[in-house]
Amino acid sequence: MTIERIVFIGGPGTGKTTLINALAARGYNVFEEISRQVTKAAQEEGVSQLFLTEPLLFSQKLLEGRVNQFNAAAENSKNLVLYDRGIPDVLAYMDYAGQTYPQSFVEACKKHRYDRVFMLPPWEEIHEEDNERYEDFATATALHDFLVKTYTYYGYAPINVPRCPVAQRIDFIETQLKR
């Protein structure tokens, strides 16, 4: 069975998780964003924002988790898998922060390929900050630009999801998936 891997990307606060949760409620097989899990685990150990204090360690944990998600998709019974963020996101965030990373990060992007990428644009009206999301809207917009640059560099052509209610976003995505 061939698995079609669809990744949803965008800066913080663009509605990715809300959209992924709505798609999961419709029966789609989804892999949730893991950065909140990594951040919460670090906070439980007394580190408020691991990405800010140890960006390479944080990114290594994310990369490992996302590669595990990618590989775990082969064990599912459906031929369509949706991801809330992908492996190249790790490099985009590191580039944004001006950090270096090992060649293994690049190799992971080359080896683990997604079939389609849906990009959710910055949307100030829905952007919120919380305990795990510290980025303000300007930072979210800058991260968006790095995500576009990184995914384009790795040969993807992100499909822009319109700013509209979740149900309409799902309709748009389902229409694109039928193509």
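The values are calculated or read from the model by the stated rules, or taken from the named source; none is laboratory data. Since the structure is predicted, the reported quantities are computational estimates derived from the model, not experimental observations. Please note: Cβ atoms are built from the backbone with ideal geometry, for glycine as well, and neighbour counts cover all protein chains shown.
Scan Ala22, Ala42, Ala92 and give me the residue that is of a type outside the set (Lys, Arg), surrounded by 13 or more Cβ atoms within 10 Å (Cβ to Cβ) and in contact with a Phe, Trp or Tyr (Cβ under 7 Å, 6 or more places away or on another chain). Full working, then the answer.
Working: Ala22 fails: in contact with a Phe, Trp or Tyr (Cβ under 7 Å, 6 or more places away or on another chain); Ala42 fails: in contact with a Phe, Trp or Tyr (Cβ under 7 Å, 6 or more places away or on another chain).
So the residue among Ala22, Ala42, Ala92 that is of a type outside the set (Lys, Arg), surrounded by 13 or more Cβ atoms within 10 Å (Cβ to Cβ) and in contact with a Phe, Trp or Tyr (Cβ under 7 Å, 6 or more places away or on another chain) is Ala92.
In this structure, is Ser48 at negative phi and surrounded by 15 or more Cβ atoms within 10 Å (Cβ to Cβ)?
On the way: at negative phi: yes; surrounded by 15 or more Cβ atoms within 10 Å (Cβ to Cβ): no.
The answer is no for Ser48.
Could you tell me whether Gln69 is assigned to a helix (DSSP H, G or I) and in contact with a strand residue (DSSP E or B) (Cβ under 7 Å, 6 or more places away or on another chain)?
On the way: assigned to a helix (DSSP H, G or I): yes; in contact with a strand residue (DSSP E or B) (Cβ under 7 Å, 6 or more places away or on another chain): yes.
Yes.
State yes or no: is Glu45 of a type in the set (Asp, Glu), in contact with a helix residue (DSSP H, G or I) (Cβ under 8 Å, 6 or more places away or on another chain), modelled with pLDDT under 90 and over 22 Å from Leu177 (Cα atoms)? Spell out the reasoning first.
Working: of a type in the set (Asp, Glu): yes; in contact with a helix residue (DSSP H, G or I) (Cβ under 8 Å, 6 or more places away or on another chain): no; modelled with pLDDT under 90: yes; over 22 Å from Leu177 (Cα atoms): yes.
No.
Suppose we keep only residues that are under 14 Å from Thr14 (Cα atoms) and touching a residue at least 24 places away in the same chain (Cβ under 8 Å) within region 149-170. Which one would you say is surrounded by the most Cβ atoms within 10 Å (Cβ to Cβ)?
Going through region 149-170, the residues under 14 Å from Thr14 (Cα atoms) turn out to be 160-166, 169.
From the residues that got through so far, the ones that are touching a residue at least 24 places away in the same chain (Cβ under 8 Å) too are 160-161, 163, 166, 169.
Working: Asn160: 12, Val161: 23, Arg163: 16, Val166: 13, Arg169: 20.
Filtering region 149-170 for residues that are under 14 Å from Thr14 (Cα atoms) and touching a residue at least 24 places away in the same chain (Cβ under 8 Å), the one surrounded by the most Cβ atoms within 10 Å (Cβ to Cβ) comes out as Val161.
Pick from region 103-144 the residues that are at pLDDT below 95 and not in a loop (DSSP other than H, G, I, E, B): which of them is surrounded by the fewest Cβ atoms within 10 Å (Cβ to Cβ)?
Ala138
So which residues in region 17-49 are assigned to a helix (DSSP H, G or I), of a type in the set (D, E, K, R) and free of Cβ contacts under 8 Å to residues at least 12 places away in the same chain? Reasoning before the result, please.
Initially, region 17-49 is screened for residues assigned to a helix (DSSP H, G or I), giving 17-25, 35-44.
Filter again for of a type in the set (D, E, K, R), leaving 36, 40, 44.
Glu44, the sole residue that qualifies.
Looking only at residues in region 72-87 that are touching a Phe, Trp or Tyr at 6+ places or on another chain (Cβ under 9 Å) and assigned to a helix (DSSP H, G or I), which one is surrounded by the most Cβ atoms within 10 Å (Cβ to Cβ)? Explain how you work it out, then say what you get.
Filtering region 72-87 for residues touching a Phe, Trp or Tyr at 6+ places or on another chain (Cβ under 9 Å) gives 72-73, 78, 80-87.
Now drop any that are not assigned to a helix (DSSP H, G or I), which leaves 72-73, 87.
Details: Ala72: 11, Ala73: 18, Ile87: 24.
My answer is Ile87.
Taking region 50-80 as the region of interest, how many residues are without any contact (Cβ under 8 Å) to a residue 12 or more places away in the chain and touching a Gly at 6+ places or on another chain (Cβ under 9 Å)?
0
Which condition number does Gly98 fail, the rest of (1) in contact (Cβ under 8 Å) with a residue 24 or more places away in the chain; (2) in a loop (DSSP other than H, G, I, E, B) being met?
In the conditions (1) in contact (Cβ under 8 Å) with a residue 24 or more places away in the chain; (2) in a loop (DSSP other than H, G, I, E, B), Gly98 misses (1) alone.
How many residues, within region 11-58, are hydroxyl-bearing (Ser, Thr, Tyr), more than 13 Å from the chain's Cα centre (by Cα) and within 26 Å of Ala138 (Cβ to Cβ)? It would help to see each step written out before you state the result.
So in region 11-58, the residues hydroxyl-bearing (Ser, Thr, Tyr) come out as 14, 17-18, 28, 35, 39, 48, 53.
Still in the running and more than 13 Å from the chain's Cα centre (by Cα): 28, 39, 48, 53.
Now restrict to residues that are within 26 Å of Ala138 (Cβ to Cβ): 39, 48, 53.
Residues in region 11-58 being hydroxyl-bearing (Ser, Thr, Tyr), more than 13 Å from the chain's Cα centre (by Cα) and within 26 Å of Ala138 (Cβ to Cβ): 3 in total.
What number of residues within region 1-15 are at pLDDT 90 or above and part of a loop (DSSP other than H, G, I, E, B)?
We begin by selecting, within region 1-15, every residue at pLDDT 90 or above; these are 3-10.
Then drop every residue that is not part of a loop (DSSP other than H, G, I, E, B), which leaves 3, 10.
The qualifying residues number 2.
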